[in-house]
Amino acid sequence: MTVRVEGGTIILEGRCPASDAEDLLGALHECPGARVDIGGVVKLHMALLQVLLVLSPPVTGRPSTGLLSQDILRGLNSGSDSDAENF
């Protein structure tokens, strides 16, 4: 599983397939106000990106490879001033 909760943080890591969008959505509903750490993501299916865009949780971390490390996820952080330097 590529979605897990540790304390007040939802961690996404590895290759995150579309089937994990429901897990992410559930975790965000069960842990209101939780941060989502995307630092360990290698590949993120658009379904998970849509969940993040719609619910706009605070997002931390920065994937080190591919388009995720560029502009695609920059917009996720627009609502969280404290983490703006992460992108």
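Numbers for the structure displayed
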| item | result |
| --- | --- |
| Single residue of ILE10, ILE38 found to be modelled with pLDDT of 95 or more, crowded, with 16+ Cβ neighbours inside 10 Å and assigned to a strand (DSSP E or B) | ILE10 |
| Leading residue by the ranking (farthest from ARG4 (Cα to Cα)) among those in segment 55-69 that are part of a helix (DSSP H, G or I) and at pLDDT below 75 | LEU67 |
| Selected residue [touching an Asp or Glu at 6+ places or on another chain (Cβ under 8 Å), of a type in the set (A, V, I, L, M, F, W, C) and in a helix (DSSP H, G or I)] from LEU52, LEU28, LEU48 | LEU48 |
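The values are calculated or read from the model by the stated rules, or taken from the named source; none is laboratory data. None of the values given here were measured: they were computed from a predicted structure. Please note: Cβ atoms are built from the backbone with ideal geometry, for glycine as well, and neighbour counts cover all protein chains shown.
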